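As structure tokens, the structure follows; a few thoughts come after it.
Values quoted throughout were computed directly from the atomic coordinates according to the rules given, and no laboratory measurement underlies them. Everything numeric in this text was worked out from a predicted model, so none of it was measured.
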Amino acid sequence: MSISTSSSGPFNTILGWVPRWLGFVLILLAGAACMVSGLLLSPSAGVVAFGVAFIVVATLSWVSGGGATPSVRPGDRSFGASLDHLPMWVWVVNVGLIVVAIAVRLLVS
């Protein structure tokens, strides 16, 4: 099991013990939140497209052997994950999925 490295301050110690797969879980949860929001709370095909893109990106990146590092920035009140060690084709597909989600959001609104 690989261990993550992460952001600044006291969270370095805490996140230093967090397994890297948690980064993928955070991305999957963000995708699920987008899908629930886009389907149930305020129906929006653009938000659903982002949810689908996040879930596919996380799954494809995980399956291809990439890594994910959870990150927390308390000053910005944000948390998330960054992907690393991806094969080039996975990176290209991931960027393409996000571009398609942006296009759907712009065309549908």
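Figures for the structure shown
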{"read-out": "Nonlocal amide H pairs with A81, under 5 Å, H built at 1.01 Å", "value": "S71"}
{"read-out": "Residue-wise HN-Hα coupling along region 45-62, computed from phi with Karplus coefficients 6.51, -1.76, 1.60 (Hz; x: Gly, Pro)", "value": "5, x, 5, 5, 4, 5, x, 4, 4, 4, 5, 5, 4, 4, 5, 4, 5, 5"}
{"read-out": "Gyration tensor (alpha-carbon) shape descriptor, region 11-108, a/c threshold 1.5", "value": "oblate"}
